[in-house]
1. Can you tell me which residues in segment 238-282 are under 27 Å from Thr64 (Cβ atoms) and in contact with a Ser or Thr (Cβ under 9 Å, 6 or more places away or on another chain)?
2. Scan segment 155-184 residue by residue and report those that are part of a helix (DSSP H, G or I), under 25 Å from Asp221 (Cα atoms) and among the small types (Gly, Ala, Ser).
3. Would you be able to tell me the number of residues in segment 105-152 that are among the hydroxyl-bearing types (Ser, Thr, Tyr) and surrounded by 22 or more Cβ atoms within 10 Å (Cβ to Cβ)?
4. Would you mind finding the one in Lys29, Lys52, Lys75 that is more than 21 Å from Pro114 (Cβ to Cβ), basic (Lys, Arg) and assigned to a helix (DSSP H, G or I)?
5. Quick one: how many residues across segment 55-75 are among the basic types (Lys, Arg) and within 20 Å of the chain's Cα centre (by Cα)?
6. Being within 16 Å of the ligand (Cβ to nearest atom), touching a Ser or Thr at 6+ places or on another chain (Cβ under 7 Å), within 17 Å of Asp231 (Cβ to Cβ) and among the hydrophobic types (A, V, I, L, M, F, W, C) is the requirement here; does Leu198 meet it?
7. Being more than 14 Å from the ligand (Cβ to nearest atom), touching a Gly at 6+ places or on another chain (Cβ under 8 Å) and of a type outside the set (D, E, K, R) narrows it down to one residue among Ala287, Ala277, Ala258; which is it?
8. Can you tell me which condition Ser115 does not meet? The list is (1) closer than 22 Å to Ser181 by Cα; (2) in a helix (DSSP H, G or I); (3) not β-branched (Val, Ile, Thr), and all the others hold.
Amino acid sequence: MQILDGKLVSAAIKAELAEQVAQLKAEGKKTPHLAAILVGNNGASETYVASKVKSCAEIGFNSTLLRFDEHISEKHLLDHITSLNENADIDGILVQLPLPKHINEELVINNIDPSKDVDGFHPMNVGKMVSGLPTFIPATPYGIMLMLEHYNIETKGKHAVVIGRSHIVGTPMSILLSRNSNPGNCTVTLTHSQTKNLKELCLQADIIVAAIGKPGFVTADMVKEGAVIIDVGINRIADETKKSGFRLVGDVKFDEVAPKSSYITPVPGGVGLMTIAALLKNTYHAAIGQKGGMN
Ligand code: NAD
């Protein structure tokens, strides 16, 4: 069993981006600039946005964090997005999800200029991804593809079972893994809450991508010997021994699944860090006017 080390791989990607940014600056070109929008005080969202902003600074990107009260009106938020769309200094816009219930997420995403949509959620970019055209790939699946690529994991002809069909993880992951590319060329089964025989399907999987949002959902009896396990879940569970009062666990029962796997991502230290690295790559590509890192 080998750990797929998100810390190591994301550090390598960030180091490469830092060099590329230094090069842009040396040539008198524009510094990539990411604008992040955070609405309300969701603890997990605050942590994610803070890491994204900090990572920008580490590699020499500019970033702007726009924080809004949870009661901000939809109209006011849309006005801010319009002004970011029109601001030539901003290359990438990310709106940290989820948004409060009174705001229509779809409307907000649809209002982001597709050429600044570094999360890859705009329907135009989703359509391009499905068509295999150059575009921004949603950061979490993109980060997973970069991880598979880094470790040179054979995916061709493998059976991948993706658990979860969200627009941000499961669905784009299933599309990317089934593409005629490397990594890719998998036979993909996309499973979800209505799937009847999940355990049987998982037992046939050479690769499992777990994106469910339920701590320890994937157990050893669901996993074939030698499978590659990608754990996307980030779940907070109470832990009085921690200062924060919680610890993070994935959707996979790591201790019992790891010994059966060939490769496995830890939580934390796996996919979460790759998501940030992929977002930075998308932002770099937005800044240089070249969409998409892997096509
Ligand atoms: P979501 O709630 O939008 O989707 C969960 C999916 O799980 C749904 O499609 C649902 O059909 C499926 N599901 C629920 N119960 C199931 C069951 N019993 N059997 C099979 N499928 C079932 O979640 P999401 O936004 O895709 O996130 C999933 C997890 O990944 C969460 O823990 C989230 O915090 C985490 N996440 C991590 C990153 C990262 O950077 N590592 C990024 C995004 C999300």
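1. Passing the criteria: Val271, Gly272, Leu273, Met274, Thr275, Ile276, Ala277, Ala278, Leu279, Leu280.
2. Matches in segment 155-184: Gly170, Ser174.
3. Initially, segment 105-152 is screened for residues among the hydroxyl-bearing types (Ser, Thr, Tyr), giving 115, 131, 135, 140, 142, 151.
Still in the running and surrounded by 22 or more Cβ atoms within 10 Å (Cβ to Cβ): 135, 140, 142.
Total satisfying the criteria: 3.
4. Lys75
5. Our first condition is that a residue be among the basic types (Lys, Arg); within segment 55-75, this holds for 67, 75.
Filter once more, keeping what is within 20 Å of the chain's Cα centre (by Cα): none.
Result for segment 55-75: 0.
6. Yes, satisfied.
7. Testing whether each residue is more than 14 Å from the ligand (Cβ to nearest atom), touching a Gly at 6+ places or on another chain (Cβ under 8 Å) and of a type outside the set (D, E, K, R) leaves just Ala287.
8. (1)
The values are calculated or read from the model by the stated rules, or taken from the named source; none is laboratory data. Just so you know, these numbers come straight off a predicted model, no measurement behind them. So basically every Cβ, Gly included, is an ideal-geometry build from the backbone, and we count neighbours across all protein chains shown.
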